[in-house]
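Take a look at the structure set out below.
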Protein chains: 2
Amino acid sequence: MDISKFVELSLGKWRSQRSVHHLAFSHFEEVTSTIEITPLNKEDNEVIELCKSHKIDPQMATHPFRMSWEGESDWDDQATTFEGTTILVPIPDLNNSKAGRLLRDKGYAETIPSIGKYQITEDGTFVLLTEYEQAAAEEKIWFVNPNFRLRVSLIKTSLGTGVVTASFSSEIRSLSVNSET
Amino acid sequence: MDISKFVELSLGKWRSQRSVHHLAFSHFEEVTSTIEITPLNKEDNEVIELCKSHKIDPQMATHPFRMSWEGESDWDDQATTFEGTTILVPIPDLNNSKAGRLLRDKGYAETIPSIGKYQITEDGTFVLLTEYEQAAAEEKIWFVNPNFRLRVSLIKTSLGTGVVTASFSSEIRSLSVNSET
């Protein structure tokens, strides 16, 4: 498994069930959403702009993609809908096909551009570490089979010591012919 | 990380938040529990009996332990309490300190004795595969830090193809001086 294979497997539409554990007060949050991952081209303007904002040569990018989502959370005991979209651009290390940086135009824990470090472990797990000003995020994603992937995300305090939330997503590929259903 | 270190880190009392995703109908189940893991001795009768029932020499056992739990689930939209206890006996492979078999006097997915195969990956994740007559279970456990561990469990059909449930536990070590609180 390398980043090319990982992005290729991720492309498509996914139906996601996500549980968030708010650890300090043992609260469960339930989120259902659909996620769509579509390929971009490294010649696309939005990819070039994102690379430039990090002073990175766009030619170093590989398999950039867009991720869009819409869903519903039961946070605060009332259904809240949300949606969003972000561009992600992997920049593999020159000497290591299994590690690199991941540029993102909106962050995971915070809504500002971010740059994370990824590596792909021996058993095919994509591990992403992202440091923000106020928090750090650690994410593991792996495929159980090509149509089912799991995602575990931790949000830590900026010192990296305390874990604030732990969340778990199970994502099933939507195989419907009509992508609107 | 080897099995000795893994069991030693696991000893103690844990406060667990568990989310179960019932995938066929996108149902979320929420479970809170306390888990207590205590060491056993390979000379203990219950360990010897379990080894004998699998025709395994008890001298091959390492770091046997007992796991007990009690908690509450919101399954079927009503709080249901449960409790249980089980004995677990690791039998490391002779030629590999990071893999072996795990004997259990009650199974995870079914309440019959089971024998699973474990391995510990490069990044310290304990991976356990157990095959039952009607189902197969795959469990990954890893420590984020010595006082916080995560557990992802999949229950598959016996053919090993379909994933029926995916569940996620975040477990915080209970550091109270009085173990009853």
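Counting from the shortest, the label point at residue A:26, 7 Å from Cα toward Cβ, is 3.0 nm from the same position in each remaining copy. Toward the positive end of the charge dipole of the range B:2-42, with +1 on the Cβ of Lys and Arg and -1 on the Cβ of Asp and Glu, the farthest Cα among B:19, B:40, B:3 is that of B:40. Annotation: aspartates and glutamates with alpha-carbon distance below 19 angstrom to residue A:52 (same-chain offsets under eight excluded): A:43, A:44, A:93, A:105.
Mean partner shielding of peptide B:18-25, defined as the number of other chain Cβ atoms within 10 Å of each residue Cβ, is 4.
Semi-axis lengths, largest first, of the ellipsoid equivalent to the protein assembly as shown are 38, 23, 20 Å, with √(5λ) applied to each eigenvalue of the Cα gyration tensor. Rounded to whole numbers, the Karplus 3J(HN,Hα) couplings from phi for the range A:64-80 are x, 8, 10, 10, 10, 8, 8, x, 9, 10, 9, 3, 6, 6, 9, 5, 10 Hz, using 6.51 cos²θ - 1.76 cosθ + 1.60 with θ = phi - 60°, and x at Gly and Pro. In terms of overall dimensions, the range B:63-142 has a Cα radius of gyration and Dmax of 14.5, 49 angstrom. Averaged over the residues of B:87-96, the number of partner chain Cβ atoms lying within 10 Å of the residue Cβ comes to 0.
Shielding of peptide B:123-131 by partners, expressed as the average count of other chain Cβ atoms within 10 Å per residue Cβ, is 1.
For chain B, list log₁₀ I(q)/I(0) at each q in 0.12, 0.13, 0.14, 0.17 Å⁻¹, using the Debye formula over Cα point scatterers of equal strength and ignoring solvent, two decimals each. Taking Cα atoms of chain B as identical point scatterers yields -0.58, -0.69, -0.81, -1.21.
Let me spell out the model: positive unit charges on the Cβ of Lys and Arg, negative unit charges on the Cβ of Asp and Glu, origin at the Cα centre of chain B. What dipole size does that give, in debye rounded to 20?
560
Among the trypsin sites (Lys or Arg not before Pro) within the range A:38-102, which fall in a DSSP loop and have no more than 16 other Cβ atoms within 10 Å of their own Cβ? When the trypsin sites (Lys or Arg not before Pro) of the range A:38-102 are filtered for loop state and at most 16 Cβ neighbours within 10 Å, A:42, A:55 remain. Taking the label point 7 Å along Cα→Cβ, residue B:162 and its counterparts in the other copies are spaced 4.4 nm apart, in ascending order. Each label was represented as a point 7 Å from its Cα along the Cα-to-Cβ direction; for residue A:121 and residue B:82 these points are 2.6 nm apart. Diagonalising the gyration tensor over the Cα atoms of the range B:1-77 and scaling each eigenvalue by 5 before taking the square root yields semi-axes of 32, 15, 12 Å, largest first. A crude spin-label estimate for the pair residue A:147 and residue A:74, with each label 7 Å from Cα along the Cβ direction, gives 2.8 nm.
FYI, it's all coordinate maths here, none of it is from the lab. The shown structure was predicted, so the numbers you read here are calculated from the model rather than taken from an experiment. Counting neighbours? That spans all protein chains shown, and the Cβs are built from the backbone with ideal geometry, glycine included.
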